[in-house]
Amino acid sequence: MIIGRDHAIRCEYRKSNMPILPFSAMLPVMLPVKFRCAGISRLGRLLGTTLLLVATGSGGAAFAAEKTQDFLIRVAHDADKVGPVEIAGSTPAFADKAALGEALYFDTNLSKNRTQACASCHEPTTAFRDPRGEIAGGAFSLGDDGVSLGDRNAPMAAYAKFAPDFHFKEDGTPVGGQFWDGRAKDLAEQAGGPPLNPVEMGMPDKATVVARLRENDDYIASFEALFGRDVWGDADRAYGAMTDAIAAFERTDQFSPFSSKYDRFLRGEYKMTPQEELGRVLFFSQQFTNCNTCHQLKTSPTAPGETFTNYEYHNIGVPRNVAIRSRHGKDPAFTDNGLLDNPAIDEVVHKGKYKTPGLRNVAVTGPYMHNGVFADLRTVIKFYNKYNSRAKSAQINPETKQPWGDPEVADTISVKELEQGDALDTKRINALVAFLKTLTDARYEPLLAEQEEAAAAAKKK
């Protein structure tokens, strides 16, 4: 006899101290008794356990010979002999940690007001960026309370699994970690940050998050199956299990398919256009640009699996996002400390530095920089070019028509790295943009087409 849904349902009956009552009177009393059967309603827990025991024991004959209440009393008295029961033919709600993590990733119930999930700021259909571009120009993300805005542009979750754990190289250089400042050692630690952040998902503590998890019968059963039946005994352990599952989901190929035109080019499945090829050569050049100084991980420019970041930290002199901050009542003079906000960092020389972001899907995940100050990818290239070009036009922000704003932190700018490239003319800037577009995963190429259509329409106005 199969009872319940098509996932694993473990039913445990524990001894009850209930008084003897008629069956009709026992039902409302027994519902809250120490039954636990994940995936079945409260009424189903009672009835399901009863029917299962009948069907798998000496069956209907015994039940027919006994009064209902006598049968229930006998079961209660023999409870210590009845262990966990697996329902025949059933399968787990979540087969593995990744499947569980996927459910958690989209679960808005894990935020204070039940309105926000991981996916709210890292939506898969928009290349894992915040899809709410109308809010603060996409520069900052709206919190669960519907009012709070973050101070940093939401980092991309795609390809995040390739970042090494935060550590220091032999020469003391910090590298790796998650978030712009690397304060989370790894994916699991990163996943644990937003639920407890007051301007993000806003939960007061881990215990409250765990309580929300336990509202879901599927979670109860799957957490116990994947992490042990005692996982709920400690809030820290249960919370850690949640973050572990989310991290497992983020390690799946959905987040890192390596399906772009660039990847297909490496496999001989795509031929670059002349402009794209020029951009590729320029990008990996040791002479004409400085792009690969920070945005190349592999030793060979044709190595598969390139993430286009060395995961190190730099201050490139990004100006304050004065316009967005002023528009939304935030302090326009605010200075972000960057890497210095990482608890592992205490040297002021690291103030204003940020982890070099990967460039996968960069063409469809604007706005750009840690504070979302630039809306267009071409503007980003021109910003870098200002360090190498003496042309007056190179010192003007094409989006504001004004000189580039003052950097948030001037003393720690990586001037040496920024100035080792040649000045770029319009042809080379356009070529680099064209190449960066080839880093777009196949599933997001329609977003590029939408961008081009919108740009063409804007020119006609």
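Before moving on, here are some points about what is shown:
- The residues T108, T289, when put in order of fewest to most other Cβ atoms within 10 Å, stand as T108, T289.
- Ordering 232-241, 426-435, 161-170 by mean Cβ neighbour count within 10 Å, with the highest value first, yields 426-435, 232-241, 161-170.
- Table column - 3J(HN,Hα) (Hz), segment 125-137, Karplus curve with 6.51, -1.76, 1.60, x for Gly and Pro: 6, 10, 6, 6, 10, 5, x, 8, x, 6, 8, 6, x
- Proximal aspartates and glutamates relative to K112, as straight alpha-carbon distance under 12 Å, when same-chain residues fewer than 8 apart are discounted: D144, D145, E200, D205
- Among the listed pairs K330/K427; K427/K460; K298/K427, those with a Cα-Cα distance over 29 Å are K330/K427.
- Over 30 Å between alpha carbons, listed pairs K97/K271; K271/K382; K169/K271; K386/K437; K382/K459: K97/K271; K169/K271
- Centroid-to-centroid separation of segment 352-368 and segment 139-188 [C-alpha atoms, Å]: 11
- Peptides 398-405, 153-160, 270-277, ordered by how many other C-beta atoms sit within 10 Å of their residues on average, highest first, read 153-160, 270-277, 398-405.
- Centroid-to-centroid separation of segment 389-422 and segment 289-312 [C-alpha atoms, Å]: 23
- Whether segment 97-250 is rounded, prolate or oblate, judged on the alpha carbon gyration tensor where a/c under 1.5 counts as rounded: oblate
Read the figures in this text as sums done on the coordinates, not as results from a lab. Keep in mind it's a predicted model, so treat the numbers as computed, not measured. Heads up, the Cβs are rebuilt from the backbone with ideal geometry, glycines too, and the neighbour counts pull from every protein chain shown.
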